[in-house]
Amino acid sequence: MAPSTIKVRVQKFGTFLSSMVLPNIGAFIAWGLITALFIPTGFFPNEELVKLVDPMVTYLLPLLIGYTGGKLIHEQRGGVVGAIATMGVIIGAPGTPMFLGAMIIGPLAAYVIKKFDQLIEGKVRAGFEMLVNNFSAGILGGALAIGAFLGIGPAVSAFTDVLVTGVDWLIETGLLPLTSLLIEPAKILFLNNAINHGVLSPIGLEQVQNAGKSVLFLLEANPGPGLGVLLAFTLFGKGNAKQSAPGAAIIQFIGGIHEIYFPYVLMRPMLFFAVILGGMSGVFTLVLLGGGLSAPASPGSILAITAVTPNDASVYFANFAGVIVAAVVSFVISAFVLKTSKQGNEDIEEAARKMQEMKGKKSSVATSLTANQGAFPSNVSKVVFACDAGMGSSAMGASLLRKKVKAANLNVSVTNTAINDLPNDAQVVITQEELTPRAKNKLPDAYHISVDNFLSSPEYDKLVDSIENGVSEELTEVVEESQAEATGVDHEHDDDDLLLEENIFLNQAFSSKEEAIRFAGEVLVKAGYVEESYVDAMIERDNITSTYMGNHVAIPHGTEAAKQAVKRSGFTVIQVPKGVDFGSGSAKLIFGIAGKDGTHLDILSGIAIVCSEEANVEQMVQAKTAKELLEIINSK
């Protein structure tokens, strides 16, 4: 398995873990604040209100995690069954907060009920649907709760004890700072939420039960290492990196959006040493002075850290010292790297693009900003940014666009939210490219815009201009790399050579997307457009980021490195009436693409425009001959 494929799968798994916790962070903070305020050593000790602490951590928080995990798998029905089963692990391990257990049984229970629903689909007599749905959820949920009570609860409790013992051993032996060797680089690879909320938080909450605080909450959330890098760029950087660093430092330290410093580190790889050593110094200081938090700090802001620090002056001192030491060490090393390196001006935009590649979520088959089908709203009053959790990148994008909207004196509301919580009155929805299909399913009547980088402000200028003029540009999905190649290239060519009737295949069926992509690739090989190696590159490209574009259309193509295997530009069109699962949706039309020197851009743009209308896609899916399908493409 290719390293890039492994990285993408790890990121997806990490995103799933953190998606169970992040929507419930408010509940974790509420529990942390109540604990800090009303326990005997809290700010305002209260024998009555302190009774809220144990039930919240024992029942409320695990049930929320189990419900959320189940809902991610099978919507509301999965959430309910997940919560029922979670109750089994809670009771099965008395005295142990079942966060890890909930993260296991919630999705597992939802998967079971999802498979059951698929099994009986279309087999229930009319009028009995509600009876079957309710009793099946109750019976399966109850059975899973019993199984969790007898097996999963005790097993997870024992595993949690092992993890806590291991962490205690690391602290006692002084080895905990070494975790920064893994945590800081993993953050740059966008595994920060998975590490913090999927691993550290459950163990940390167990420690809070016993000690009232845990240093684990600060291993990933400490803003010091990133702050040091940004301050060094502010004083010793060059170009637009130096200009943007002060604002980024404020966002990172006060706002807690750590992702904003990742491009600066990627710009100078030696800065990995700065954040690693800064993180290690911070952890060492926290362990030495007895720092820790009573609940997760999310986002990793100095304000959030202050809010969930226990009521103890020595702990406040330890936490602030851990942040300051980490920032100072990171700053000193970063300054040394910047002063001694011989590179020219730093380009933060190029670094941001590199960050997207490292993140594994940058799409090379679309422009930076693409719009969906339909007319741009004539009177836009509400724009909503959406991401998985609705806390990090979407909040940053919303703040950037809000500033531009204000500067243009437009009366437009700009907010951000989790994609599952998109409001019905949103007129324009902005998401990262891989999330756009989900957003369209949630709000099909809204005008959707896809961006590959929430930090890329030039795209927002285009949107502001569209709002001011009441119209939008005709933005089509094209291969970004080919656009760069096409600069100065004569695009005069014969479209008949690019898409031939003999390369259009009707009524095909595939068991997997890999089989479909390989079929498309072999057609391109036989047609003389590409070499044999291009086929494997097409599969590799889809593993990195899905080539499913929405509207039941997929456009598989090779990786950047595979361009040398392209002999000349060409296409194949494969009609799959029953569809084939591409992960983000079912593709009924597959356009296999080989592009060279930009000669394919005109026809690709035409295909994009045609496929932006679902009615056109449906016509092509229903086409009876290759000639008919080709005429639909050429007539639009």
Given a Förster distance of 25 angstrom, what is the FRET efficiency for Q118 paired with D445, based on the Cβ-Cβ distance and rounded to 0.05? 0.30
What distance in nm separates the two pseudo spin-label positions at T625 and V162, each 7 Å out from Cα along the beta-carbon direction? 6.7 nm
According to the square roots a ≥ b ≥ c of the eigenvalues of the Cα gyration tensor, what is the shape class of the stretch 121-269, taking rounded for a/c under 1.5, prolate for a/b larger than b/c otherwise, and oblate for the remainder? oblate
Counting every Cα pair in the stretch 234-299, what percent are over 16 Å apart? 60 percent
Could you order the peptides 173-181, 89-97, 117-125 from most to least packed, using the average number of other C-beta atoms within 10 Å per residue? 89-97, 173-181, 117-125
Treat every Asp and Glu Cβ in the stretch 525-569 as -1 and every Lys and Arg Cβ as +1, leave all other atoms uncharged, and give the resulting dipole magnitude about the Cα centre to the nearest 20 debye. 240 debye
Between I250 and V132, how high is the FRET efficiency from 1/(1 + (r/R0)^6) when r is the Cβ-Cβ distance and R₀ = 56 Å? Nearest 0.05. 0.50
Between Y111 and L181, what length comes free when the chain is fully extended (0.36 nm per residue of separation minus the Cα-Cα distance, one decimal in nm)? 21.6 nm
Report the label-to-label distance for W169 and T340 in nanometres (one decimal), using points 7 Å from each Cα along the Cα→Cβ vector. 3.7 nm
Carbon and sulfur atoms account, in whole percent of the 1.4 Å probe accessible area of the stretch 214-343, for 77 percent
Ranked packing of 416-424, 57-65, most packed first, by mean Cβ within 10 Å: 57-65, 416-424
In whole percent, how big is the carbon plus sulfur part of the accessible area of the stretch 32-177, probe 1.4 Å, protein atoms only? 71 percent
On the formula 1/(1 + (r/R0)^6), with r taken between the Cβ atoms of E75 and A307 and R0 of 35 Å, the FRET efficiency rounded to 0.05 is 0.60
Please report the equivalent ellipsoid semi-axes of the stretch 44-99, computed as sqrt(5 x eigenvalue) of the Cα gyration tensor, largest first, in whole Å. 26, 12, 7
Ordering of 100-110, 75-85 by burial proxy (mean other Cβ atoms within 10 Å per residue, highest first): 100-110, 75-85
What length, rounded to one decimal in nm, is gained on full extension from K238 through to F272, with 0.36 nm per residue of separation minus their alpha-carbon distance? 10.4 nm
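The values are calculated or read from the model by the stated rules, or taken from the named source; none is laboratory data. As the structure is a prediction and not an experimental result, all values here were calculated from the model. Every residue, glycine as well, gets a Cβ built from its backbone with ideal geometry; the counts of neighbours run over all protein chains shown. Surface accessibility is based on the protein's heavy atoms, side chains included, excluding ligands, DNA and RNA. Shrake-Rupley method; radii C 1.70, N 1.55, O 1.52, S 1.80 Å.
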